[in-house]
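A.B. asks: Here you go, one structure.
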Amino acid sequence: MEDVIIIGLGCAGYTAAIYSARYKLKTFLVGAEAGGMGNTAAEVGNWPGEIEIRGPDLMDKFKAHAESFKEQVTLKIAFVKDVMKIDGGFRVLMEGNESVEGKTVIFATGSNKRHLGVPGEAEFSGKGVTYCATCDAFFYKNKTVAVIGGGDSAVEGAAIAAQVAAKVYLIHRKNTFRAEPYWVDKVKEKKNVEFVLERNLVQILGDKKVTGIKLDKPWNGSETLTVDGVFIEIGSNPAVDLPKKLGCEIDELGFLKVDQAQRTSVPGIFGAGDLTSGSNHFAQFTTAAGEATVAANSAFNFLQSGH
Ligand code: NDP
């Protein structure tokens, strides 16, 4: 039986594994995709010690660091289907019906991108509609795209898209942005970005692929804009399905409730990163790493003393 099973291969998962390995815990680290949401950051400028680094490169470094603890850490790329309580711990069921048992579990499953739920969105998903501007902008060289949202993901996404696309509409329902002013200023500098404010996207138009979008109110005299791609960046929902099923308490905003020691309401289960109620719901590499550090320490304490 493993001492700790860490679910999630993003910043929080890797950090928890590094700490857990240094506590000499037998650690099983599993997730569907190496790098997780960290891969979607085109440019990271707030990870101390790295003035600027690409998200996937930073995640590769985290992975190599976790894997360097060859005796303590087993890393597996697999989708986790289920987690159940067993005597003395938990059983984690992965795709292919493989399973692993552990005395404790740290959930570092992050979050899933939100969908708008407008007509045409599902139909043109993957045919011009995507949920990661920084990952997919490259495919829209010299084209026209719309980025929806007003947070860091949308504004950073618009800045990245503007480097390759001929024209970018940044469509936001308010006239103020919650994104870091750093990114807002960067986008304002771009001559090919048009801010479409106080507008909602109500329909995605197309034939075999996206050809345009419809807004709730006219913009420059028209309710429709001609675009080749739509990047929906309206935030994410915490990935709490598995801990919820195990009986872990969820907070009023839908996040996995954790205390200051990153303990959930179920003994032996901890949480770290974007899915938790910790760090004032502020989803950053630094906060995820901090939560994971505490979660690994708490798992160690739990194994030592039972609480
Ligand atoms: P956020 O939740 O921060 O922002 C979502 C944006 O989408 C808001 O502007 C919101 O509008 C808008 N929105 C939400 N629902 C709808 C809807 N139905 N229709 C239209 N607009 C909608 O999500 P992000 O993905 O931007 O960021 C998530 C977290 O990740 C944050 O903590 C962020 O700081 C972090 N992050 C950090 C980065 C960095 O540091 N470089 C990069 C990317 C993310 P409104 O403002 O009106 O609520």
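A.B. asks: What is the diffusion coefficient of the range 129-232 in µm²/s, taking the Kirkwood radius over Cα pairs and the Stokes-Einstein relation at 37 °C with a viscosity of 0.692 mPa s?
C.D. replies: Answer from the Stokes-Einstein relation: 248 µm²/s.
A.B. asks: Then there's this: How many Å² of accessible area per residue for the chain, probe 1.4 Å?
C.D. replies: That works out to 48 Å² for each residue.
A.B. asks: While we're on this one: I'd like the FRET efficiency for residue 123 and residue 173, computed as 1/(1 + (r/R0)^6) with the beta carbon distance as r and R0 of 30 Å, rounded to 0.05.
C.D. replies: Taking R0 as 30 Å, the efficiency between residue 123 and residue 173 is 0.85.
A.B. asks: If you line up the long axis of helix 11-22 against the longest principal axis of the chain, both from Cα atoms, how many degrees apart are they, to the nearest 10?
C.D. replies: Value to nearest ten degrees: 20.
A.B. asks: Give the list, by residue number, of cysteines in the chain with no other Cys Cβ closer than 4.7 Å, or say none.
C.D. replies: Singleton cysteines: 11, 248.
A.B. asks: I'd like to compare 252-259, 191-198, 224-231: which one has the highest average count of other Cβ atoms within 10 Å, and what's the full order after that?
C.D. replies: 224-231, 252-259, 191-198
A.B. asks: Sticking with this one: Leaving out ligands, DNA and RNA, what percent of the accessible area of the chain is carbon and sulfur, probe 1.4 Å?
C.D. replies: Roughly 49 percent, rounded to a whole number.
A.B. asks: While we're on this one: For the chain, max minus min Cα coordinate along each principal axis, in Å, sorted largest first?
C.D. replies: So the extents along the principal axes, rounded to whole Å, are 67, 38, 33.
A.B. asks: Just report the Cα centroid separation between the range 103-174 and the range 181-231, whole Å.
C.D. replies: A separation of 12 Å, based on Cα centres.
A.B. asks: Using only the alpha-carbon atoms, how far is helix 152-164 inclined from the longest principal axis of the chain? Give it as 0 to 90 degrees, nearest 10.
C.D. replies: In the chain, helix 152-164 runs at an angle near 60 degrees to the longest axis.
The values are calculated or read from the model by the stated rules, or taken from the named source; none is laboratory data. It should be emphasised that the depicted structure is a prediction, and the values quoted were computed from it without experimental measurement. Please note: Cβ atoms are built from the backbone with ideal geometry, for glycine as well, and neighbour counts cover all protein chains shown. For the accessible areas, the whole protein counts, side chains as well, though only heavy atoms, and no ligand, DNA or RNA atoms are used. Shrake-Rupley method; radii C 1.70, N 1.55, O 1.52, S 1.80 Å.
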